1. Which sequence of A:Glu565, A:Glu683 reflects their accessible areas, 1.4 Å probe, from the largest down?
2. Give me the dipole magnitude in Debye, nearest 20, for the range A:502-617 about the Cα centre, with unit charges on the beta carbon: positive for Lys and Arg, negative for Asp and Glu.
3. Could you put A:Lys406, A:Lys476 in order of accessible surface area, largest first, with the 1.4 Å probe and the full protein assembly present?
4. How large is the translational diffusion coefficient of the range A:542-672 in µm² per second when you combine the Kirkwood radius over alpha carbon pairs with Stokes-Einstein at 4 °C and 1.567 mPa s?
5. Percent of Cα-Cα pairs more than 16 Å apart in the range A:743-825, please.
6. In whole Å, what are the Cα extents of the range A:614-723 along the three principal axes, biggest one first?
7. What Kirkwood Rh does the range A:437-591 have if only Cα atoms enter the pairwise 1/r average? Answer in Å.
8. In Å and whole numbers, how far do the C-alpha atoms of the range A:320-437 stretch along each principal axis, longest first?
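The values are calculated or read from the model by the stated rules, or taken from the named source; none is laboratory data. Computed from a predicted structure; not experimentally measured. No Cβ is skipped: glycine too gets one built from the backbone with ideal geometry, and neighbour counts run over all protein chains shown. In case anyone asks, the SASA skips ligands and DNA or RNA and just uses the protein heavy atoms, side chains included. Shrake-Rupley method; radii C 1.70, N 1.55, O 1.52, S 1.80 Å.
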Amino acid sequence: MEKYMPQQIEKKWQAKWQESNVYKTEMDASRPKYYALEMFPYPSGNLHMGHVRNYSIGDVLARYKTMEGFNVLHPMGFDAFGMPAENAAIKNGVKPSDWTFSNIDNMKRQQREMGLSYDWDREVQTCRQDYYRWTQWLFQLFYKRGLAYKKKAYVNWCDTCGTVLANEQVIDGQCWRCDSVVVKKDLSQWFLKITDYADVLLKDLDLLQGWPERVRIMQENWIGRSEGLEFELEAPELGEKIAAYTTRPDTVYGITFLALAAEHPLVEKICAKSGKAEEIKAFVKKVQSQSDIERTSSESEKEGIGTGLYVVNPFNGNKAEIWITNYVLADYGTGAVIGVPSEDQRDWMFATKYGIEKIITLQPKGQTLVLEEMTEAYTDKAGVLVNSAEFSGMDIKAAMKGIMDKAEAEGFGKRRVNYRLRDWLISRQRYWGAPIPVIYCDDCGEVLVPEDQLPVKLPEDVDFKQGSVSPLAQSKSFVNCTCPKCGKPARRETDTMDTFICSSWYYLRYTDPHNENIPFDKDKVNYWAPVDQYIGGIEHAILHLLYSRFFTKVLKDAGMVDFPEPFTNLLTQGMVLKDGSKMSKSKGNVVSPEEIIGKYGADTARLFILFAAPVDRDLDWSDQGVEGSFRFLRRVWRILEIFEDKIKNAPDEYDVSSLTPEEKELRHVLHVTIQKVTEDIKERFMFNTAISSIMELVNAFYGFQNSTDVNAGLVREVAVNLMKMLAPFVPHITEELWSVLIGEGSVHTQKWPGFDEEAIKTAEVEIVLQINGKVRDRIMIASNIDKSAMEEAAKANKRVQELTEGKTIVKMICVPNKLVNVVVK
RNA sequence: GCCGAAGUGGCGGAAUUGGCAGACGCAGCAGACUCAAAAUCUGCCGUUGGCAACAACGUGCCGGUUCGACCCCGGCCUUCGGCACCA
């Protein structure tokens, strides 16, 4: 055998695998399937270590499941629409498509150099017409089902990106991509009605037992369900009823004002009637000029302006002044909030600031609150109602029920569930995305582009000069069209879709990527999907994972898939850090995968990244650690080289009973390792400990490096299983060793090894002897002996005798094959 | 503020169901091989005391349960992540 030369053998095997198409998968209803999926990347141009980690984890699973006998689907593709391509066009004059495709080519090359077992025939690229045609088709499906609509609304606008953003894409009031401060704009935009599915998206989180709990909790919080009462308060001077929503109906007798959002639809009418029109308008203008950060920070000052107009509390006929405020959100509940200063801290501060009356309607048990002595609201949800007409004297629970019943009986209110989740704003005023397939006609209004005319293609005659808003709007050939209904001249929608739409269904397209008639065949999708194991970063906990769940539920309702959830199991990998912080160009701590692979080979890179930390924890990159992984592979190579002749010439079957005690011990270690590695991969995703136990096996193997007369059958057994167990982690070196030493077939198509129960058993075990819980000695005893025999062995021990002399043995605790604890006084 | 996760040697981490704390690796130290170095192989490697056998201490802090606690319970501290005027 020659020296271990990773670069040579890796290139060789990558070429062979590609040539023989070994990773191609076909549907086969007679075999159990396994769908392993890593989140597809944005084609930024180069893989980073996060990708390497992501794909290494997925590849181990895919290869392992294949060896276990599953029909494994393991595809890869590119989330290829988006701003960076367009920015490159603006900056360098490159066409977004050229920029994207050349980046894809480079990243695919890098992925191939990692030795990943993808079925490249199934690749999808969301920016290609054969894909976005179906993205548009799905948009129309949503439209036809009443789930896509256009409305004028105050939306998030990023000036730097020149486009609107979804709520999920605003992080701390800033654009998720460029960190610019997001402002509100009143625009007419397309939305998907994800709120229709809020309830089921929340409820079905229970089905996702294979997801990390924290991700489920994050989604639960994001959806934010609350129950309460919505009721109407009459405003006689306006001739209107104003609806308000509260989760504390028990406090309604304490209402002393009504707070409206600055964007509330009645603000204009209020101005007309109030006599303070100019002041109110000035206040509203000031509020709207504030950024989201200023407006939504809980520390920021609550401000408002009294309108002099009032509403009537329908429960007790009390008058309450209407205030316009900076803290009520227009798009949650009804945009109007009852003010109950004595039982809500924010209302308390607001009322104190503006001299608004406070009424106590709730008293804690065994205590009497007096307004003059209070310095803050009483917000505990416990106590007895006072000043609340027929509800006085009731506890909160009874009062809540009674008050809501009353509102419903008298017809001015209704129980209601509210969600924090808002509809998904999907319009983007950008070029490099899937055009929204809608036409506007002066006579017919909003018309869908007929299905046989899909895709609505992106035009080529586009000007990307910086600052130009919505490049598509400038392409006359794109905008001008005829109405599919009446044939008159019409205009095309010039907005494209949020790229998160493209990524909300790609995992379904992989099951049938070349279908030209429908997005995917029902039989195929129901065979392969849902994804058995999805792997990706925690940063998608809400965005992509919530949108994909929504899509799947709509497609299920449309009869296109039979399953309610797209991803049965989710693994959220940790980040790859260097020197304790995230790798970034600005910090200058980036380690390039290409460089590492060039120096040590892909196997070393994969091994290190899987060994250095558990998959779900952050991993600190260590150049010395990489050296260690490389050393281990050389060590494997060398021990097999030492035994080359024995391995090649030994039979597969041999007489195990003829082994020496030392050889039996090696065989014991082998089978314990098989058991441990199998469990670590299959049950626990603990690849780091799986690798460490393989290292222990190799260490044990080295104990025989100078034993020329060691049993050849055993050596072959150890070598064969060592190669098989390492194969999912380091596919190239194991394939090379397999071809040299075994010769037949590929290591990757071998059956995953089982372990021999007999070999795992041992005649003797070491047990610990404790006195009062402290370890005092260790002895070898026969395994699986009964309790009394263990006690006898402990009592016979010299150390135990010495240390218990003159003391009384209270009791003895025996744990089979582990320990005896002698309790003495 | 609310919700969640984590805290173990010089470092990454292990201990799967309450049962030997520190597997495996990195770094370090020593030996073998070598003219020498590198590479490789072998051994040592939590702290303190001791020639040693061994003893005491030790999993963020304080307390509890237990024969026995990194693990369970109560109360804190620190770090990280998510949400944050949602009425």
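1. Greatest to least solvent exposure: A:Glu683, A:Glu565.
2. Working: 13 positive and 14 negative charges, 98 e Å.
About 460 debye.
3. Correct descending sequence by accessible area is A:Lys476, A:Lys406.
4. Answer from the Stokes-Einstein relation: 65 µm²/s.
5. Roughly 57 percent, once rounded to a whole number.
6. 47, 29, 22
7. So the Kirkwood estimate lands at 19.3 Å.
8. So the three principal-axis extents are 66, 36, 25 Å.
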